[in-house]
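Engineer: A single structure is presented below for examination.
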Amino acid sequence: MNDVMIFSVISLGAIGIAAAVILYFVAQKFKVIEDPKIDEVEEALPAANCGGCGFPGCRNFAEATVKSANESKHIEGLNCPVGGNDVMTTVAAILGLEVEESKPLIAVIRCNGSRENSPQKVEYDGPATCAFAHNLYSGEGGCQYGCLGLGDCVAACQFDAIHMDPVTGLPVVNDKCVACGACVKACPRDIIELRFKGPKDKRIFVSCVNKERGGPAKKNCAVACIGCGLCEKECKFDAITIINNLAYIDYEKCKLCRKCVPVCPTNAIHELHFPPKKEKPVKPEAAVKEEKPELPASKEETDKGGVPPEDAKPGNQQA
Amino acid sequence: MSMLTVSGSPHVHGDSSVKKIMYTVVIAMVPAMLVSVYFFGLDALRVLVISSLSCLFFEWLIQKYLIKGPVTIFDGSALITGILLAFNVPSNLPTWIIIVGAFVAIGMAKMSFGGLGKNPFNPALVGRIFLLISFPVQMTSWPEPKMLFGSMASQPDAMGGATPLGFLKEGLKNSTVPELMSKMPDLMMDFIGFIGGSLGEVSVVALLLGAIYMLIKKVITWQIPFAYIGSVVVFTGILWLIDPDMYVDPLFHLLTGGLILGAFFMATDMVSSPISPWGQIVFGIGCGVITILIRIWGAYPEGVSFAILIMNAFTPLLNRWLKPKLFGETIKAA
Amino acid sequence: MGILKTFSLGGVHPPENKLSADQAIEVLPLPKQAFIPLNQNLGAPGVAQVQKGDVIKVGQLLAKGEAFISSNVHSPVSGKVLKIDNVMDPSGYRRPAVVVNVDGDEWVDGIDRTDTLVKEIKLSQKEIVEKIHQLGIVGLGGATFPSHVKLMVPEGKTADVLIINGVECEPYLTADHRLMIEKGDEILVGTTILMKGLGVERAIIGIENNKPDAIKNMTELAGKFKGIEVCPLKVKYPQGGEKQLIKATIRREVPSGKLPIEVGAVVNNVGTAFAVYQAVQKNKPLIERVVTITGKSVAKPGNFMVRIGTPIRELIEKAGGLPEDSGKMIGGGPMMGKALLSMDTPVVKGSSGILILRESESKRVDVKNCIRCARCVSVCPMGLEAVLLAQLAEMEMWEESEQENVMDCIECGSCHYTCPSGRPLLDYIRLGKSKVGQIIRNRGKK
Ligand code: SF4
Ligand code: SF4
Ligand code: SF4
Ligand code: SF4
């Protein structure tokens, strides 16, 4: 019995030593000489491997930054949206460079076709993937541009930043969003856009992507942009353009003055995280009045942090 | 009128369902159950009931309280596992051991992988092997068939409580095949079921009845059982021709032990067997060869369970290597 | 009759439910307003040739197909063009269409509207192809592939046989069946025209055995035509698939990823043959087609000759209105048809039928875990592993999907039909096909 044990110990030990030696030589032989800075940069990155920077992983991004810094002495066009300014400044410091502050972005859902605004006309019975449903048909509410509500964007988000609101059937982004853009790519209808997060999270955007003329657009959805052009005229900063019956607010030009919000006859323009308006201009639609005051209230909830979207009220508060 | 439904085609569904398939298998096992009760008496009934009920119970327990998902114990799959487990143990097995077996089968081999359809191994077999390794004595002391009505005198005393295969394996150490065969019941007895063994192993007739039913109902395909049995026949036939003193004839191998049970009821378990016809044939042949290797040269007299489990492990590989025939030969654009 | 021919791989037998098989084709009255989509074929959309306010006649060109794979659209009605606007297509997407306020039924000159059979073919091979192109004939089996393109055999390939698809393997539908009974001669002349256009001496008409009257009628009539034989086939879905039909009739297998011409065959539908007859012999563009309206709760299932652009509402009303218990409206058959969203959807060139399912038939069965029973594999007529393809699509593994030949799937739905766990296999495979198709196209661009 003892012999067996000793024999086992010796043989296993020998195998171990032999393997170690082989491994050592192999490692030596195949060692790639790499810029140590790559490791340093990688250390500084959030290690989310989310692909938001456009590279498959953080390591690749680190390699690209170091390469760019070595070759052309700048790292412009390379940005880790997850890490934001802090990380990019650190990375730049490692590489002996400086970066301009970039304004943080956040995902914005540009559809407000909730069950209430765009009543259900047919019932979908099939796998819960927007990509398939998009190929199959226009949507339960009939809008061929609107959100299908099957949550491909939710599945794509690695940061737990986007959830479906069970009442509205629309996704809601919370402040865990790091603007990696995964949901933007996942959405087959191009509903999600990355926009400036804005000072104190204040944002204004057109919550609709319907390119139909007014009539057909309104037919399916009460809050569709009908391309009437009132907001375009109202905007003093030329931030609003109307293309294909659809208004778009350029977030680089928008000064968040809120003038366009009340003029929209269908209430398609959303303002987020603004304090309540003192005096409200009288609007033609009663529905608009009811909805307006809800906005800031629900925003406060979100600001207090982490109110789960299940608790969110129907209306136009997805951001 | 309610809202119209929108979905992708096809808009009609055939009448097949998981439940239907599973209960067809259960029905196919009825003859063998009856025979086992007939031969082993109420003890057999006890084993069957305990095994099935505890399988159902564990599945319910796990689905309800662990997974907290929908409870699907009535889809028939747990029942099959229960019956198969019972078929694979001797009728005098203590109740608590059966329950342990059921727990291993359902809890470890099935639910821990995600339930029906996800288990890589046949749950009943895992349960059985677990019991065989943990409780070798209880699992291999076979009671003599004592008939429900009257007694049976056909089992020669020389065999004691051993199965024909066990008897052969032991005997071959100092005897030859013809000599041993003369001490055993003739093959007709094996065929009908007057032999010792696990519940479901004894009667080939009853098993074949069920197998034919399953084949007619298209619940199983011919590939696995036929490849399995065929390879056993060929393999043992060759050995037998080489040396009839050392090796038994193929018929004996066919009619004894769990071969028929394994080939038709356990190797064909669709969850853990390959998808393509060719994969299934290779799977069957593999089972056959391993079974005989174990029976003749292995430590155990019986190799069906091990063979099937080993081939289960190869299923993903077989699925990858042996693809079904594609319509039109593939010309891939370079 | 001996052993009937069929294709060898896979296949299923859905209940046939041919409720309207004995209903003679009736002419549906003209609609008040017609919606004629500009794109009614596989391939590039047509370019509108009329404007708002134009007064148009039946047979006038509405849209011109300018790309190679595209076809012309003619006006099926006379009246005033109300507008050119987006109109809901079968999938609910709004696409450009000409909306016409129907007024009378005035035809352009030169169209022979009589029923007399014209047997003599005057046009040359080239003229035939040109005529078929001009008059907007597309495959009427459902895929709406422009017919003239099929007649132009690519360089280096030869066609030796024309196969006419009279299979109608979809349950419920009976449009082709009725056509074969009522317009047998016309179909045979059309077949002869197609043979001439293609330059082949032999044609086979494949008909499934569940239509004995059609087989009898066609066999009797075919005796008078040269080189046309009728081939009765065993009932099996999806025999109407081009590749399956070729395999069933002439035992040739079209290679994976290739067109039927690779094995010297061209397949056309009986409806197409009829349309070709009308175009070449009577100068009549494709402006109407036979549509089956059916369903177990439909009061009067039937077959109608319908002008293109007629809203399906008119068809449904003619058949006794939308039943109370309707749960799903399908354009086409139950296996491959599209669920429709609205009764305003117009009939297009590819509409073979409208099927109304009861509410109890409309919902899919509950989805359960795959039990790896391999039924989906054994029924696939293309020899694909549906279960694997669906899994790959679910996991978004497009490259692997391509390697597993996802593009070979003919979307017959046999896999989903047969899956005991009710898994939406075809839905995921379709998703895989569209993604892989995109990847392949992008690769082509680079
Ligand atoms: S919400 Fe979208 S952009 Fe924001 S972290 Fe999630 S996936 Fe990225
Ligand atoms: S936003 Fe886009 S991806 Fe998200 S649920 Fe809506 S349609 Fe789907
Ligand atoms: S038919 Fe359904 S259950 Fe069977 S293997 Fe295919 S997907 Fe799985
Ligand atoms: S739909 Fe595609 S994968 Fe499914 S059976 Fe038909 S050809 Fe095969």
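Engineer: Which value, in Å² and to the nearest 10, is the accessible area of residue A:10 when all protein chains are kept and the probe is 1.4 Å?
Structural biologist: My reading of the accessible area for residue A:10 is about 110 Å².
Engineer: What's the ranking of B:61-68, C:396-403, C:69-76 by average number of surrounding C-beta atoms within 10 Å, highest first?
Structural biologist: For the peptides B:61-68, C:396-403, C:69-76, the packing ranking is C:69-76, C:396-403, B:61-68.
Engineer: Okay, moving on. In the full protein assembly as shown, how much of residue C:127 is accessible to a 1.4 Å probe, in Å² to the nearest 10?
Structural biologist: Solvent-accessible area, nearest 10 Å²: 90 Å².
Engineer: A follow-up question, please. Could you pull the Cα extents of chain C along its three principal axes, largest to smallest, in whole Å?
Structural biologist: 62, 52, 48 Å, listed from the longest principal axis down.
Engineer: So which residues in segment C:89-112 end up with at least 10 square angstrom less accessible surface once the other protein chains are there, compared with the chain by itself, probe 1.4 angstrom?
Structural biologist: C:91, C:92, C:93, C:94
Engineer: Probe radius 1.4 Å, ligands and nucleic acids left out: can you give me the accessible area buried at the C-A interface, summed over both chains, in Å² to the nearest hundred?
Structural biologist: Approximately 1500 Å², summed over both chains.
Engineer: Show me you know the interface measure: the accessible area buried between A and B, both chains summed, probe 1.4 Å, in Å² to the nearest 100.
Structural biologist: Answer for the A-B pair: about 600 Å² buried.
Engineer: Computing the accessible area with a 1.4 Å probe over protein heavy atoms, can you report the carbon and sulfur percentage for the protein assembly as shown?
Structural biologist: Carbon-and-sulfur percentage of accessible area, whole number: 60.
Engineer: Here's a follow-up. So what's the convex hull volume per residue for the Cα atoms of chain B, in Å³?
Structural biologist: Convex hull volume per residue, Cα atoms: 182 Å³.
Engineer: With a point put 7 Å past each Cα toward its Cβ, work out how far residue A:200 is from residue C:403 in nm, to one decimal.
Structural biologist: It works out to 5.6 nm between the two label points.
Engineer: Okay, moving on. Taking the alpha-carbon centroid of each part, what is the distance from segment C:406-446 to segment C:319-355 in angstrom?
Structural biologist: 23
Engineer: While we're here: Which sequence of C:317, A:63, A:100 reflects their accessible areas, 1.4 Å probe, from the largest down?
Structural biologist: A:100, C:317, A:63
Engineer: Moving on to the next point. Straight distance only, please: which lysines reach the Cα of residue C:247 with their own Cα at less than 16 Å, same-chain residues fewer than 8 apart left out?
Structural biologist: Qualifying lysines at Cα under 16 Å: B:325, C:5, C:234, C:236, C:258.
Engineer: Same structure again: Quick one: order C:259, C:355, B:293 from most to least accessible surface, probe 1.4 Å.
Structural biologist: Correct descending sequence by accessible area is C:259, B:293, C:355.
Engineer: What is the mean number of Cβ atoms from other protein chains located within 10 Å of the Cβ atom of each residue in peptide A:127-134, rounded to a whole number?
Structural biologist: 5
Engineer: Residues with amide H under 5 Å of residue C:94's amide H, sequence separation 5 or more or different chain, H placed in the peptide plane at 1.01 Å from N; which?
Structural biologist: Correct list: C:89.
Engineer: Once each part is reduced to its C-alpha centroid, what is the distance from segment A:79-151 to segment C:1-41 in angstrom?
Structural biologist: When both Cα centres are located, 42 Å separates them.
Engineer: Could I have the simple spin-label model distance between residue C:69 and residue B:68, label points 7 Å from Cα toward Cβ, reported in nm to one decimal?
Structural biologist: 5.1
Engineer: Need one number: the % of Cα-Cα pairs in segment B:18-139 sitting beyond the 23 Å mark.
Structural biologist: Percentage above 23 Å: 25.
Engineer: Give me a single rounded figure for C:423-435: the average over its residues of other chain Cβ atoms within 10 Å of their Cβ.
Structural biologist: 4
Engineer: Further question on the same structure: Using heavy-atom solvent-accessible surface (probe 1.4 Å) with all chains present, what is the largest-first order of C:126, B:217, C:18?
Structural biologist: Listed by decreasing accessible area, they come as C:126, B:217, C:18.
Engineer: Using Cα positions and a limit of under 18 Å, work out the lysines in reach of residue C:52, with same-chain residues fewer than 8 apart set aside.
Structural biologist: C:32, C:64, C:80, C:83
Engineer: On average, how many beta carbons from a partner chain sit within 10 Å of the beta carbon of a residue in C:242-249?
Structural biologist: Mean shielding count: 1.
Engineer: Using a simple spin-label model with points 7 Å from Cα along the Cα→Cβ vector, what separation in nm is obtained for residue A:35 and residue C:363?
Structural biologist: Here the answer is 6.1 nm between the modelled labels.
Engineer: Accessible area lost on pairing C with B, both sides, 1.4 Å probe, Å² to nearest 100?
Structural biologist: 4300
Engineer: Turning to a different aspect of this structure: Let me cross-check residue C:292: its accessible surface, 1.4 Å probe, with only protein heavy atoms counted, in Å² to the nearest 10?
Structural biologist: About 0 Å², rounded to the nearest 10.
Engineer: For residue A:59 and residue A:233, compute 0.36 nm times the residue count separating them, minus their Cα-Cα distance, and round to one decimal in nm.
Structural biologist: Roughly 57.9 nm would be gained on extension.
Engineer: Continuing with the same structure: For a quick protection proxy, order the peptides C:4-10, C:326-332 by their average other-Cβ count within 10 Å, most packed first.
Structural biologist: C:326-332, C:4-10
Engineer: Can you give me the accessible area per residue for the protein assembly as shown, using a 1.4 Å probe, in Å²?
Structural biologist: Accessible area per residue: 43 Å².
Engineer: Now for a different question. Compute, for the protein assembly as shown, the length of the dipole vector about the Cα centre, with Cβ point charges of +1 (Lys, Arg) and -1 (Asp, Glu) only. Units Debye, rounded to 20.
Structural biologist: 2180
Engineer: Let me ask another. May I ask for the angle, rounded to the nearest 10°, between helix B:77-87 and the longest principal axis of chain B, with both axes built from Cα atoms and the value confined to 0 to 90°?
Structural biologist: 0
Engineer: Now for a separate question. Using each residue's phi in segment C:107-117, evaluate 6.51 cos²θ - 1.76 cosθ + 1.60 at θ = phi - 60° and report the 3J(HN,Hα) Karplus result to the nearest Hz, with x for Gly and Pro.
Structural biologist: 9, 6, 5, x, 9, 8, 9, 6, 9, 4, 7
Engineer: Can you give me the C-alpha center-to-center distance between segment B:50-87 and segment A:162-228, rounded to a whole angstrom?
Structural biologist: 46
The values are calculated or read from the model by the stated rules, or taken from the named source; none is laboratory data. Because the structure is a prediction, the values reported are computed rather than measured. Please note: Cβ atoms are built from the backbone with ideal geometry, for glycine as well, and neighbour counts cover all protein chains shown. Accessible surface is based on the protein model in full, side chains and every heavy atom, while ligands, DNA and RNA are left aside. Shrake-Rupley method; radii C 1.70, N 1.55, O 1.52, S 1.80 Å.
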